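The values are calculated or read from the model by the stated rules, or taken from the named source; none is laboratory data. Just so it is clear, the structure is predicted and the values come from calculations on it, not from any experiment. No Cβ is skipped: glycine too gets one built from the backbone with ideal geometry, and neighbour counts run over all protein chains shown. Keep in mind that these areas ignore ligands, DNA and RNA; they rest on the heavy atoms of the full protein, side chains included. Shrake-Rupley method; radii C 1.70, N 1.55, O 1.52, S 1.80 Å.
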Amino acid sequence: MGKVVMYSSVSVDGFVADDNDQPGPLFDWLSSGDVPLDESGALKVSQTSYDYTRPYWDQIGVTIVGRHVFDLTDGWDGKPPGGIDHVVVVTHRPEPAGWDPGAPFRFVNGVEAAMAEAQVLAGDRIVEVAAGDVGGQLLAAGLIDEVRMDVVPVVFGSGKRYFGSVRAQHLLEHPDVVIQGNRVLHLRYRVRR
């Protein structure tokens with residue numbers, strides 16, 4: 001099985017979106033450079049951010065998200081973001097009416113079932129978990145191996161927390177990666193077992 005990584009861009013005070021689900025400047029680093037991050041050319045980052053981010057993206061086989069994120073993005077029009085092969089959506093509701101059954105999305109009830117499905121789909125590739133409530137639930141269940149953060153120099157003051165509603169202490173190892181990009185600090189921590 002591949003590694004399970006919780007990931008998102010985050011404010012320095014720990015939020016992945018404001019109170020209205022808006023990311024504000026959290027993704028500005030994805031357009032602050034001159035090196036295309038994908039084939040579309042829409043995302044351009046610094047060379048340093050490219051060298052860190054592109055190899056990671058190339059290893060992702062599946063992303064797990066909550067239904068809230070799926071609904072906010074309109075399911076990315078049935079095309080997983082960033083060229084990822086599959087998306088597993090944690091939800092207690094059925095897939096949306098008229099949803100293309102051939103789209104590489106799976107709708108699963110509960111985080112443990114979502115992880116089981118994602119690991120089958122990913123094989124030996126990375127299972128990426130979107131930070132927020134679902135990510136926090138998987139961390140609390142002991143199912144996250146690594147935490148990756150792209151820390152952006154902004155303070156939200158309130159909003160949607162990176163670790164969701166986690167209330168218990170979870171120790172991480174010292175960061176094994178600390179990379180300064182253009183208006184972003186890339187951090188990677190292993191979860192202490």
Note to self: I'd like the Karplus ³J(HN,Hα) series for region 99-107: coefficients 6.51, -1.76, 1.60, θ = phi - 60°, whole numbers in Hz, and an x wherever there's a Gly or Pro.
What the structure shows: 5, 5, x, x, 5, x, 10, 10, 10
Next item on the list: Could you tell me the accessible area of K79 in Å² (1.4 Å probe, neighbours in place), rounded to the nearest ten?
Entry: 140
Next item on the list: Could you pull out every residue, at least 5 positions away or on a different chain, whose amide H is within less than 5 Å of the one on S9? Hs are placed 1.01 Å off N in the peptide plane, and Pro or chain starts have none.
Entry: D150
Next item on the list: Could you work out the relative contact order of region 41-193, using alpha carbon pairs under 8 angstrom and six or more residues apart, expressed as a whole percent?
Entry: 23
Checklist line | Hz values of 3J(HN,Hα) by residue in region 143-160 - Karplus curve (6.51, -1.76, 1.60), Gly and Pro given as x | finding: 9, 9, 8, 8, 10, 10, 10, 9, 7, 9, x, 8, 10, 8, x, 6, x, 8
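Rounded to the nearest 500 deg cm²/dmol, what is the calculated helix-only ellipticity per residue at 222 nm for the chain, with -39500 (n - 2.57) per DSSP H run of length n ≥ 4?
On the way: 4 runs with 39 residues, N = 193.
Taking each H run of at least 4 residues, the total per residue is -6000 deg cm²/dmol.
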Notebook entry, point to check: With every protein chain present, what is the per residue accessible area of the chain (1.4 Å probe, Å²)?
Noted result: 50
Check: Peptides 169-180, 64-75: what's the order by average Cβ count within 10 Å, highest mean first?
Finding: 64-75, 169-180
Check: Which whole-Hz ³J(HN,Hα) couplings does region 46-53 yield from phi under the Karplus relation 6.51 cos²θ - 1.76 cosθ + 1.60, θ = phi - 60°, glycine and proline marked x?
Finding: 5, 4, 4, 5, 4, 4, 8, 7
Check: Hey, could you pull the Cα Rg and Dmax for the chain, both in Å?
Finding: 15.9, 46
Next item on the list: Using Cα centres only, tell me the gap between region 1-55 and region 120-172 in whole Å.
Entry: 15
